[in-house]
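Here's the structure, in structure tokens; my notes come after.
The values are calculated or read from the model by the stated rules, or taken from the named source; none is laboratory data. Remember, it's a predicted structure, so these values are computed and weren't measured experimentally. Positions of Cβ are backbone-derived with ideal geometry, glycine not excepted, and every protein chain shown enters the neighbour counts.
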Amino acid sequence: MPCISLTEALTPEGAAMLTPFGGVIVLSCLFGRNLHHLHRPSADDNETSLNGDFWRRHRAMDNIILNTSLALPDHLRVPAGAKDPNVVFLNMCIHTSTICLHQAAIFKADSANLPSNVSAESKIRCITAASEIASIMRTISHCDITIVG
């Protein structure tokens, strides 16, 4: 099956061309990048400075997740794609990756005594993502997603 590269898929234009399974693959990549970002610090991370490598990577990851989410076509969103398990999983993963990224940001911001708005913004992002997950669950709770099509 013809497909786009991972580099292309991580752009808003590429996200608009994803298939349901391709979206799951992209989110798997983002989870891996998130884990690498959080658990393999570099010597230049400087978590106490918002201009340090940690916070630059954080913003870059956040932008990729947000742009991917915003660029998804309707058939890769819930409720339109609610009967496709890959679409449901893709959307759950987008919001879960946001929570993972921002939970770490809250911890880093609080332990580095950064301005309170840094932590507050990440808390809002986590609550919003959790609300989206709950909304997806309400939408699909009556569907049998094991029957595709």
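I'd like the full set of residues that are closer than 21 Å to Val88 by Cα and of a type in the set (Gly, Ala, Ser), limited to the stretch 33-77.
Correct list: Ser69, Ala71.
I'd like the full set of residues that are buried (at least 16 other Cβ atoms within 10 Å of the Cβ) and in a helix (DSSP H, G or I), limited to the stretch 41-66.
Answer for the stretch 41-66, where residues must be buried (at least 16 other Cβ atoms within 10 Å of the Cβ) and in a helix (DSSP H, G or I): Asp53, Phe54, Trp55, Arg57, His58, Met61, Asp62, Ile64, Ile65.
Against the definition (hydrophobic (A, V, I, L, M, F, W, C), at pLDDT 90 or above and loosely packed, with under 14 Cβ neighbours inside 10 Å), how does Leu10 come out, yes or no?
No; evaluated as a whole, the condition is false for this residue.
Restricting to the stretch 101-117, count the residues that are hydrophobic (A, V, I, L, M, F, W, C), surrounded by fewer than 20 Cβ atoms within 10 Å (Cβ to Cβ) and either touching a Lys or Arg at 6+ places or on another chain (Cβ under 9 Å) or under 20 Å from Leu30 (Cβ atoms) (or both).
Qualifying residue count for the region: 4.
Would you pick out the residues in the stretch 118-141 that are modelled with pLDDT under 95 and either surrounded by 14 or more Cβ atoms within 10 Å (Cβ to Cβ) or closer than 16 Å to Asp62 by Cα (or both)?
Within the stretch 118-141, Thr139, Ile140 qualify.
Looking for whichever is within 22 Å of Phe31 (Cα to Cα) and in contact with a Ser or Thr (Cβ under 9 Å, 6 or more places away or on another chain) here; the options are Ala71, Ala134. Which one fits?
Within the list Ala71, Ala134, the selection yields Ala71.
Just checking, does the stretch 84-91 include any residue being out of contact with any Asp or Glu (no Cβ under 8 Å at 6 or more places or on another chain), surrounded by 12 or more Cβ atoms within 10 Å (Cβ to Cβ) and either assigned to a loop (DSSP other than H, G, I, E, B) or without any contact (Cβ under 8 Å) to a residue 12 or more places away in the chain (or both)?
Yes, that holds for at least one residue.
Being modelled with pLDDT under 95, over 18 Å from Val118 (Cβ atoms) and buried (at least 18 other Cβ atoms within 10 Å of the Cβ): is that true of Leu38 here?
No, not satisfied.
Would the stretch 112-123 turn up any residue that is closer than 27 Å to Pro79 by Cα and touching a Pro at 6+ places or on another chain (Cβ under 7 Å)?
No, the stretch 112-123 has no match at all.
Could you tell me how many of the residues in the stretch 1-31 are not polar (S, T, N, Q) and not in a loop (DSSP other than H, G, I, E, B)? Break it down stepwise before answering.
Going residue by residue through the stretch 1-31, those that are not polar (S, T, N, Q) are 1-4, 6, 8-10, 12-18, 20-27, 29-31.
Keeping just the survivors that are not in a loop (DSSP other than H, G, I, E, B) gives 6, 8-9, 12-15, 20-27, 29-31.
Qualifying residue count, the stretch 1-31: 18.
Scan the stretch 115-133 and tell me whether some residue there is among the aliphatic types (A, V, I, L, M), assigned to a helix (DSSP H, G or I) and over 22 Å from Trp55 (Cα atoms).
For the stretch 115-133, residues among the aliphatic types (A, V, I, L, M), assigned to a helix (DSSP H, G or I) and over 22 Å from Trp55 (Cα atoms): present.
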